[in-house]
Amino acid sequence: MQRRQVLTSAAAALAWTAVGRTALAATGNAPLPGNRRLVVVFLRGAVDGLSVVAPYTEGAYYQQRSTIALARPGQDGGLLDLDGHFGLNPNLAPLMPLWQSGKLAFVHASGSPDPTRSHFDAQDYMESGTPGRKGTPDGWLNRLLGAEPAAVAPAGARASVTRGISVGATLPRIWAGPNPVANIANGKGATKPTQLDRPQVGKAFDALYAGDDALSKAYRESRQSRAEVNEAMSADVREQMVADNGAPLPNGFPDDAARLAQLMRRDPNVQIAFLALGGWDTHVNQGGAKGQLANRLQPLGQGLAEFATRLGPAFDDTTVLVLSEFGRTARQNGTGGTDHGHGNVMWALGGNIAGGKVYGRWPGVDASALHEGRDLAITTDFRQVLAGVCMNNLRLPDDRLAAVFPGFDGAALNIARA
């Protein structure tokens with residue numbers, strides 16, 4: 001028994017994760033209707049939404065941000081005009097073609113109704129989809145995986161275990177639950193051989209986990225997920241590595257985004273994916289058109305634009321959501337940064353998005369409109385956006401929405417193209 005536990009730990013370290021946190025046994029999952037896909041990008045650390053999409057016609061915006069406010073459109077380093085009131089950070093210029101073609105939208109003054117300014121708690125609530133409830137055992141993306149009826153695989157075929165993909169070192173809270181998820185590494189580690197890829201080691205573990213118990217099934221699903229992803233992406237990735245001679249792009253996200261797009265394009269089984277990016281907690285020296293925040297937004301915009309291009313025609317059936325746990329203070333602090341706030345902006349990209357529009361009721365940023373006298377107020381619950389995407393973009397049946405967002409009874413926000 002002790003030897004088996006040791007080997008189990010080794011297998012967990014060497015193989016790709018194909019399970020959630022609360023169960024090892026897989027459950028069957030049907031594809032979303034029409035091969036529709038969802039990608040969620042989580043910006044951990046609370047990105048400053050007022051520097052992503054700024055209300056440049058409001059004098060209060062400039063009064064509260066004497067050194068970090070972005071200049072009006074047409075000025076040096078100025079915002080990119082969106083609708084005559086809001087402007088896009090110039091470091092996100094690669095996304096403007098998507099806005100102009102109606103494939104990019106924003107939902108401003110959105111976020112979690114829970115008032116916490118704790119990164120840990122706010123991220124937990126947003127990933128569980130249950131603000132204010134710490135006891136929720138699973139994440140809303142894992143629940144979404146299980147919201148469709150079980151698929152019936154063709155005779156002799158194995159059901160795919162790569163329907164859910166998590167890009168990163170560990171499986172995050174949003175994927176916790178009983179439905180299987182493939183956890184792949186960032187960067188070149190996504191296809192780097194492991195000890196289990198050595199034939200002799202692989203055969204030994206295959207023999208050890210040949211039974212019908214839950215642990216053996218989880219092991220085989222992990223091996224299957226790695227094989228499926230490698231088959232879908234290895235040839236092109238290796239060719240790209242040779243061309244780059246091992247030199248990555250200035251930031252890892254454009255590379256990861258391109259790799260994920262390639263995987264999703266070549267493997268139709270991949271329908272829901274999640275990535276998280278850190279470094280958005282800009283308390284000091286945030287900057288404006290240049291500086292700390294600008295240096296993070298630039299590769300983010302580049303990566304999202306690259307993802308859309310690399311995905312090709314499949315982008316028309318794909319929704320990309322970008323969100324963060326909360327926003328930042330309307331007024332800059334004494335160290336040229338911003339502190340933990342409340343309301344923020346959510347991003348939505350895709351061919352099935354009714355884009356070219358900033359959604360949500362805008363409360364303004366003058367002192368009388370601020371939440372607790374300091375933050376952008378929230379007028380759209382983040383679950384309204386998620387529920388609308390699940391119903392209208394992914395075509396999730398109405399009667400299954402409650403299973404994905406338990407306790408939520410608000411009105412879904414429809415941002416889908418008609």
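Tabulated results
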| item | result |
| --- | --- |
| Qualifying residue in the stretch 131-148 (condition: of a type in the set (S, T, N, Q) and modelled with pLDDT of 95 or more) | yes |
| Looking only at the stretch 354-387, and only at residues there that are over 24 Å from G84 (Cβ atoms) and acidic (D, E), the one that is farthest from the chain's Cα centre (by Cα) | E372 |
| Residue in the stretch 265-286 that is without any contact (Cβ under 8 Å) to a residue 60 or more places away in the chain, of a type in the set (K, R) and either within 15 Å of L349 (Cβ to Cβ) or crowded, with 24+ Cβ neighbours inside 10 Å (or both) present | no |
| Breaking point among (1) within 20 Å of S112 (Cα to Cα); (2) of a type outside the set (F, W, Y); (3) at pLDDT 95 or above, for N285 | (1) |
| Residues (touching a residue at least 24 places away in the same chain (Cβ under 8 Å) and either over 19 Å from the mean Cα position of the chain (by Cα) or surrounded by fewer than 18 Cβ atoms within 10 Å (Cβ to Cβ) (or both)) located in the stretch 82-98 | L82, D83, G84, H85, F86, G87, L88, N89, P90, N91, A93, P97 |
| Residue that is farthest from L297 (Cα to Cα) [pool: residues in the stretch 81-98 that are hydrophobic (A, V, I, L, M, F, W, C) and in a helix (DSSP H, G or I)] | L98 |
| Among (1) over 22 Å from Y125 (Cβ atoms); (2) buried (at least 23 other Cβ atoms within 10 Å of the Cβ) - the single one D317 does not satisfy | (2) |
| Tabulated pairs, the stretch 389-409, first more than 19 Å from I272 (Cα to Cα), second among the basic types (K, R), C-beta under 8 angstrom, 6+ apart or interchain | G407/R133; F408/R383 |
| Candidates T130, T57, filtered to the one that is surrounded by 21 or more Cβ atoms within 10 Å (Cβ to Cβ), β-branched (V, I, T) and not in a strand (DSSP E or B) | T130 |
| Scan of the stretch 270-293 for residues that are over 18 Å from the mean Cα position of the chain (by Cα) and either among the basic types (K, R) or over 18 Å from R331 (Cα atoms) (or both), ordered by number | K290 |
| Selection from the stretch 303-334 of residues that are touching a residue at least 60 places away in the same chain (Cβ under 8 Å), of a type in the set (G, A, S) and in a helix (DSSP H, G or I) | A305, A308, A314 |
| Index of the failed condition, G303 passing every other in (1) small (G, A, S); (2) closer than 19 Å to V107 by Cα; (3) within 15 Å of the chain's Cα centre (by Cα) | (2) |
| Tally of residues being part of a loop (DSSP other than H, G, I, E, B), under 21 Å from T338 (Cα atoms) and in contact with a Pro (Cβ under 9 Å, 6 or more places away or on another chain) across the stretch 256-302 | 1 |
| Checklist (1) in a helix (DSSP H, G or I); (2) in contact (Cβ under 8 Å) with a residue 60 or more places away in the chain; (3) surrounded by fewer than 20 Cβ atoms within 10 Å (Cβ to Cβ) applied to V385, failing item | (3) |
| Residue match in the stretch 52-64 (condition: over 19 Å from the mean Cα position of the chain (by Cα), within 23 Å of A305 (Cα to Cα) and not hydroxyl-bearing (S, T, Y)) | yes |
| Of residues in the stretch 388-418 being part of a loop (DSSP other than H, G, I, E, B) and surrounded by 18 or more Cβ atoms within 10 Å (Cβ to Cβ), the one nearest to the chain's Cα centre (by Cα) | L394 |
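The values are calculated or read from the model by the stated rules, or taken from the named source; none is laboratory data. This structure is a prediction, so every number in the text was calculated from the model and none was measured. As a convention, Cβ positions derive from the backbone with ideal geometry for all residues, glycine included, and neighbour counts pool all protein chains shown.
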